[in-house]
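Report on the following structure.
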Amino acid sequence: MDYFLLAIGCSICIGMFIWRYRAEPRSLFLGLTFLAALGSTAFAAAYIILRTNNPIMCLIVMICFLIAMLLLLCSPLFLTIAFLSSGIRLIKKEGRRLTNLLSLAFGLALLILPFATSFCLKMCQSSSLAMTIYNLFALLMNYLIVIMSLYTVSSMLNLIHFRKPKFDYVVVLGSGIFGTEVPPLLASRIEKGMEICRKSPGCKMIVSGGQGPGEDIPEAHAMAQYALDHGFGPEDLLMEDQSRNTWENLLFSKELMTEGSRFALATNDYHVFRALLIARQLKLKCKGYGSKTKFYFMLNAYLRELVGYLYLKRKLYTAICIGVGILFTVFSFF
């Protein structure tokens, strides 16, 4: 009976994940179903092995469990070190612009968080109202951690593709140029777009990006020239040079496609998921492909993307936080 219930539970979790991945992977629900499937499968396997009373297999399960617990306990330390080191390296290489400080600031926040938490807890113990506010704040912070975790897992899953790509168009999203020069970050996006096109006979590449501050020409023009200089055929190249952001990149590029076309978007790996979420809001069906980014740059960019995602879903999460706050306050005092 126990095995039957385990099999049913695992089948439901795995089935939900597969259904979500095939039907609509552009959602945090994908990450939730994946973690549920992974957790239920690991629990079922461990339970069955422990019930066999095989000493060697039981020892392996216990070692795996201890390693997992150790990694979980040490993850805050690992994250703190990673964000601090990448933040310092980013500032050295890219300068002290405000957008480059996110990684370092987040690492410092993780560093002082245990001390700040302990101090606030001591200060709030003398007042029930202060303690309620503290507990509510802690609850919302834990909720934010859950959102960050699901966003990260969902983002990684959306970079995995099991089927051979077959597209009519690939949209390469712009990311800024220096005068007329394509920087390495944007160059990697263009190369990823060319790579996808070459795997899909008849596929055309749309380079998308308007002219922003400090740019002598529209991004699309510089991107097109880069592609031509690297052997991409002009007959398979289209330009969209009016967009100012990812939303317009996708919206304006869609106007260049024939009705019913299948397309993919190419951007840096950290940007793929949010771009896919924007495409979903625009009711555009597409797949996302990411070019690799240096680790020290990726963590800072990931935080920017997370902030961008929260802003994209600001109405939903504001409503959830207000609702949670009201319910928590009511139950605390009554």
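Looking at the stretch 114-142, which of its residues are open to solvent by 70 Å² or more (accessible area, probe 1.4 Å), among the hydroxyl-bearing types (S, T, Y) and either assigned to a helix (DSSP H, G or I) or modelled with pLDDT of 85 or more (or both)?
S128
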Next item on the list: Identify all residues within the stretch 75-97 that are closer than 18 Å to L185 by Cβ and free of Cβ contacts under 8 Å to residues at least 40 places away in the same chain; write none if there are none.
Entry: I91, K92, G95, R97
Margin query: Is it the case, given these coordinates, that I190 is within 25 Å of the chain's Cα centre (by Cα), open to solvent by less than 20 Å² (accessible area, probe 1.4 Å), β-branched (V, I, T) and at pLDDT 95 or above?
Written below: yes
Checklist line | Per-region count, the stretch 1-23, residues farther than 17 Å from A45 by Cβ, under 22 Å from the mean Cα position of the chain (by Cα), surrounded by 11 or more Cβ atoms within 10 Å (Cβ to Cβ) and of a type outside the set (K, R) | finding: 4
Notebook entry, point to check: Only one of (1) open to solvent by less than 40 Å² (accessible area, probe 1.4 Å); (2) over 15 Å from D269 (Cα atoms); (3) among the aliphatic types (A, V, I, L, M) is not met by V172, so which one is it?
Noted result: (2)
Check: Given the conditions (1) open to solvent by 40 Å² or more (accessible area, probe 1.4 Å); (2) touching a helix residue (DSSP H, G or I) at 6+ places or on another chain (Cβ under 8 Å); (3) free of Cβ contacts under 8 Å to residues at least 12 places away in the same chain; (4) not acidic (D, E), which single one is not true for C58?
Finding: (1)
Item checked: Candidates A37, A46, filtered to the one that is in a helix (DSSP H, G or I) and under 30 Å from L284 (Cβ atoms) -> A37
Item checked: Test set (1) in contact with a Ser or Thr (Cβ under 6 Å, 6 or more places away or on another chain); (2) open to solvent by 50 Å² or more (accessible area, probe 1.4 Å) - G87 fails condition number -> (2)
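Picking from T33, T52, which residue would you name as being at negative phi and either among the basic types (K, R) or open to solvent by 40 Å² or more (accessible area, probe 1.4 Å) (or both)?
On the way: T33 fails: either among the basic types (K, R) or open to solvent by 40 Å² or more (accessible area, probe 1.4 Å) (or both).
Among T33, T52, only T52 is at negative phi and either among the basic types (K, R) or open to solvent by 40 Å² or more (accessible area, probe 1.4 Å) (or both).
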Margin query: Tell me whether the stretch 299-306 contains one or more residues that are free of Cβ contacts under 8 Å to residues at least 40 places away in the same chain, among the aliphatic types (A, V, I, L, M) and closer than 26 Å to E94 by Cβ.
Written below: yes
Note to self: Take S332 and tell me if it is among the hydroxyl-bearing types (S, T, Y), open to solvent by 10 Å² or more (accessible area, probe 1.4 Å), in contact (Cβ under 8 Å) with a residue 24 or more places away in the chain and in a loop (DSSP other than H, G, I, E, B).
What the structure shows: no
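Count, please, the residues in the stretch 201-220 that happen to be over 18 Å from K254 (Cα atoms) and either over 26 Å from the mean Cα position of the chain (by Cα) or crowded, with 20+ Cβ neighbours inside 10 Å (or both).
Final tally of qualifying residues: 8.
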Check: Just to be sure, is R26 in contact (Cβ under 8 Å) with a residue 12 or more places away in the chain, among the basic types (K, R), outside any helix (DSSP H, G or I) and surrounded by 12 or more Cβ atoms within 10 Å (Cβ to Cβ)?
Finding: yes
Notebook entry, point to check: Taking T246 and the conditions (1) over 20 Å from M148 (Cα atoms); (2) among the polar types (S, T, N, Q); (3) out of contact with any helix residue (DSSP H, G or I) (no Cβ under 7 Å at 6 or more places or on another chain), which numbered condition does it fall short on, given that it satisfies the others?
Noted result: (3)
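The values are calculated or read from the model by the stated rules, or taken from the named source; none is laboratory data. Just so it is clear, the model here is predicted, and its values are computed rather than measured. All Cβ positions, even for glycine, are placed from backbone atoms using ideal geometry, and neighbour counts span all protein chains on display. The accessibility values were calculated without ligands, DNA or RNA, using every heavy atom of the protein model including side chains. Shrake-Rupley method; radii C 1.70, N 1.55, O 1.52, S 1.80 Å.
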